[in-house]
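Participant: A single structure is presented below for examination.
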Amino acid sequence: MRPEDILVRTPAGVCCKIGGFHIDPTRPVDKAVITHGHSDHARAGHGAVLGTQETLDLMRLRYGENFAASTQAIRYGETVTLGGARVTFHPAGHVLGSAQIAIEANGLRVVASGDYKNIADPTCAAFELVQCNIFVTEATFGLPIFRHGDPRAEIAKLLHSVALFPDRAHLVGAYPLGKAQRVMAMIREAGYDRPIYVHGAIEKIARYYESRGIDLGRVELARATKKADLAGTITLCPPGTLKDLWSRRFPDPVTCFASGWMRVRARARQRLVELPLVISDHADWDGLTATIAATGASDIWVTHGQEEALVHWSMARGLQARPLDIVGYGDEDEAEGVTENYGDV
Ligand SMILES: [Zn+2]
Ligand SMILES: [Zn+2]
């Protein structure tokens, strides 16, 4: 049995032939197994969709009730048989409901990890290491320059700035699904108990997170608040709205952006970000390499991001490695504007 007998790359994405399904397909397919709710991984229009309850709910929230012909929810640790494969979901630590998919067939185990991070996040289950023969990994921050550091230090920077400028609003660009809720939860962990203001795209998902038992404290819509009342406050908004008309309702805003890309000063400058916050929902270089090594896999497939360095690193360690060159996965922080359609903002 070769790895290719379990998983192959097709135009629609990674396909498990023996199980009769695709993982995070970028085109409509009969049977899709979805790792998490970000729009590049979780698309509408498939036949049957298997995912965690949270991923299915987030897809429903974005696409409406009829986003797939049928759905099946699966819990972490649960195993289902699909065709000739046994499929088990494990936490990926990326966003609420995110999962790695372990596929077992004929004595081989493949783990497709989707997007993942191996550090603590108060808004989702912690990444679980799964031993496997073949590990399919992302490489969003797959270069040695990407070391995210401690996100709590970034939150402390934000709160320090808020204390320093009581007459200015702090406008924090944060991806609406996952990052925004994580930043809110971390602000609460740091002891900040005043209301946090949000853009409508973030509010809708924050309410869903709260319905799943994740406490975000008092969350208010910025658009329902008078300009003068926003002085000295924190507002979270999609990165693309930081510099558009929407931001004009804020008094003398300090522009902040929570993203792993903020490690690159030129990017922060380019986006006119005054206070860059290095907070990422993807593993950094150390996280990627440590995880690859710990899985015990001898074969590493790299799906998207900065594939080359990670492939090179794996091969230098005597592992087999290849880039999958899948077209259609992006990086949520790089997306411009309100790319996720969550309705009225
Ligand atoms: Zn993602
Ligand atoms: Zn991704």
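FYI, it's all coordinate maths here, none of it is from the lab. These numbers come from a predicted model, not from an experiment. No Cβ is skipped: glycine too gets one built from the backbone with ideal geometry, and neighbour counts run over all protein chains shown.
Participant: Sequence gap at least 6, Cα distance under 8 Å: using those rules, report the relative contact order of the chain to the nearest whole percent.
Facilitator: So the answer I get is 17 percent.
Participant: For Ser298 and Ala153 in one chain, what is 0.36 nm times their gap in residues minus the Cα-Cα distance, to one decimal in nm?
Facilitator: Net length gain for the segment: 48.6 nm.
Participant: Using 0.36 nm per residue of separation minus the Cα-Cα distance, give me the extension gain between Arg194 and Ile145 in nm, one decimal.
Facilitator: Working it through step by step, the gained length comes to 14.1 nm.
Participant: Within a 10 angstrom radius of the beta carbon, how do Tyr192, Tyr116 rank from fewest other beta carbons to most?
Facilitator: Fewest to most other Cβ atoms nearby, the residues stand as Tyr192, Tyr116.
Participant: If I take R0 = 25 Å and measure r between the Cβ atoms of Ala44 and Val327 in this structure, what FRET efficiency does the formula 1/(1 + (r/R0)^6) give, to the nearest 0.05?
Facilitator: Working from the Cβ atoms, E equals 0.85.
Participant: Relative contact order for region 195-301: what percent, with Cα pairs under 8 Å and sequence separation of 6 or more?
Facilitator: 21
Participant: A further question on this structure: What list do you get for Glu4, Glu104 if you sort them by fewest beta carbons within 10 Å?
Facilitator: Final ranking by Cβ density, sparse to dense: Glu4, Glu104.
Participant: If I take every Cα pair under 8 Å that is 6 or more residues apart in region 1-65, average their sequence separation and divide by the length, what percent do I get for the relative contact order?
Facilitator: 20
Participant: Toward the positive end of the charge dipole of region 1-99, about the Cα centre and with charges on Cβ (Lys, Arg +1; Asp, Glu -1), which of Ala12, Thr52, Ile74 goes farthest?
Facilitator: Working it through, the farthest residue towards the positive pole turns out to be Ala12.
Participant: Nearest 20 debye, what's the magnitude of the dipole of the chain about its Cα centre given +1 on Lys and Arg Cβ and -1 on Asp and Glu Cβ?
Facilitator: The dipole magnitude comes to about 440 debye.
Participant: Count the DSSP beta bridges whose two residues both fall in the chain, then state the antiparallel fraction as a percent rounded to the nearest 5.
Facilitator: Among the beta bridges of the chain, antiparallel pairing accounts for roughly 35 percent.
Participant: Taking neighbour counts of Cβ atoms within 10 Å as a proxy for exposure, in what order, fewest first, do Cys15, Cys237 appear?
Facilitator: Ordered from fewest to most neighbouring Cβ atoms within 10 Å, Cys15, Cys237 come out as Cys15, Cys237.
Participant: Now a separate question. So if R0 is 41 Å, what FRET efficiency would Lys226 and Arg269 give, r being the distance between their Cβ atoms, rounded to the nearest 0.05?
Facilitator: So the FRET efficiency works out to roughly 0.80.
Participant: Further, regarding this structure: In debye, nearest 20: dipole of region 136-246 around its Cα centre with unit charges on the Cβ of K, R (+) and D, E (-)?
Facilitator: 140
Participant: Which parts of region 25-43 would a label at Ser70 reach, counting a residue when its backbone N lies under 15 Å from a point 7 Å out along Cα-to-Cβ?
Facilitator: Answer for region 25-43: 30-33.
Participant: Using a Förster distance of 41 angstrom, determine the FRET efficiency expected from the C-beta separation of Lys243 and His312, and round it to 0.05.
Facilitator: 0.65
Participant: Mind jotting down the distance between the C-alpha centroids of region 265-287 and region 1-46, whole Å?
Facilitator: One Cα centre to the other: 30 Å.
Participant: Projected onto the charge dipole of region 126-265 (+1 at Lys/Arg Cβ, -1 at Asp/Glu Cβ, origin at the Cα centre), which of Ile145, Gln181, Leu221 gives the Cα projection farthest towards the positive end?
Facilitator: Leu221
Participant: In 10 Å bins starting at 0, how do the alpha-carbon pair distances of region 50-185 split up by percent?
Facilitator: 10, 32, 31, 18, 7, 2, 0
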